[in-house]
Amino acid sequence: MTTDVDVADRKPAWRAHGAARRSTHVLRLRVSAALVAVTVLAVLLVPPLVQLDQQAVDLAAKLRPPSWVHPFGTDDVGRDLLLRCVYGLRVSLLVGVVAALTATVIGTAVGAAAGALGGWADRLVMRLVDTLSSVPHLLLGIFIVAMFRPGVWPVVISVALTHWLSTARIVRAEVLSLRSRPFVDAAVSGGASRWRVTVRHLLPGVLPQAGLAAVLMVPHAMWHESALSFLGLGLPTHTASLGTLIQGARGSLLAGQWWPTLFPGLFLILPTLAIAGLAGVWRERINPRRRSELML
């Protein structure tokens, strides 16, 4: 039998546990925000401020280890690896952001239309989504990229056309939930058309979830671009992206030079973890149940 004394003894432990979780939550937010800020400043400021050609070849300085002159070392033709990583991050981040925004727009439009129309239209659209989801993203992306010449925009198109499916499912589920709300019933009873209800009431309600899906899709798109470039199917080999840098460093890694592979990999892993951390904080903000759990 639980007594009042036992309950009183438990409360400080619950408060301590909740305080520890809130402290971890704040620390993750600050670290993620700092990494994202450093990433954005690097890709925006380093290229115009550093007056060096990232394609400049210096065979006399090839495969030098990290030093004060070259903090990340040099690659197999003597190019500064720090500058190449910044330019590669710039390209990969551009591909990730543009592809994520495009995929989110497509997924939001398809999911909102399916949820608002309902009936046979909803079933037809979702069967199409299920069919496309059964094909591996990378395989479908390779097929799309192979139809174009190597470049940035074919990769953007490939990633966008293979990553809108999850957003469509999320938006459709949110629209179906909103359709049962009293304010939607009131709008329909007032004579509002289906289009007006969708644009004025349903779409604003799904924007937070769609925005979260877009943020979460940026790291996924960056990894997808890196995988295509690593396979030699994405960007041209002379274009610096994180995937092409890692692909070009395979021979150096086998020869014992670790820095041409390590630093591009870190430039890929750390920003994606930071963006995912910010997205996790956003998810906790828009999810009341999760937010109440953090307050325990």
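The values are calculated or read from the model by the stated rules, or taken from the named source; none is laboratory data. Remember, predicted model here, so these are calculated numbers, not experimental data. When we count neighbours, we look across all protein chains shown, and the Cβ atoms used for this are built from the backbone with ideal geometry, even at glycine. When the accessible area is computed, the model is the full protein with side chains, heavy atoms only, and any ligands, DNA or RNA have been set aside. Shrake-Rupley method; radii C 1.70, N 1.55, O 1.52, S 1.80 Å.
Where helices (runs of 4 or more DSSP H) sit wholly within segment 179-296, those with at least 3 residues that are without any contact (Cβ under 8 Å) to a residue 40 or more places away in the chain, of a type outside the set (D, E, K, R) and surrounded by fewer than 21 Cβ atoms within 10 Å (Cβ to Cβ) occupy 182-189, 203-230, 259-286.
Residues checked against (1) part of a loop (DSSP other than H, G, I, E, B); (2) under 30 Å from P208 (Cα atoms); (3) among the acidic types (D, E):
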site: S32; (1), (2), (3): no, yes, no
site: V43; (1), (2), (3): no, yes, no
site: P48; (1), (2), (3): no, no, no
site: V57; (1), (2), (3): yes, no, no
site: P71; (1), (2), (3): yes, no, no
site: V86; (1), (2), (3): no, no, no
site: R90; (1), (2), (3): no, yes, no
site: G96; (1), (2), (3): no, yes, no
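The condition of being open to solvent by 40 Å² or more (accessible area, probe 1.4 Å) and either touching a Leu at 6+ places or on another chain (Cβ under 9 Å) or touching a residue at least 40 places away in the same chain (Cβ under 8 Å) (or both) holds for only one of V86, V69, V97, that being V97. Only a single item in (1) within 22 Å of the chain's Cα centre (by Cα); (2) at pLDDT below 85 is not met by V215, and it is number (2). Residues of segment 119-158 being part of a loop (DSSP other than H, G, I, E, B), over 25 Å from L176 (Cβ atoms) and not hydrophobic (A, V, I, L, M, F, W, C), which ones? Residues satisfying the conditions are P136, R149, P150, G151. Checked across segment 125-138, the condition of being surrounded by fewer than 20 Cβ atoms within 10 Å (Cβ to Cβ) and either under 18 Å from T244 (Cβ atoms) or in contact (Cβ under 8 Å) with a residue 60 or more places away in the chain (or both) holds for at least one residue. Among the criteria (1) in contact with a helix residue (DSSP H, G or I) (Cβ under 6 Å, 6 or more places away or on another chain); (2) outside any helix (DSSP H, G or I), the one A168 does not fulfil is (2).
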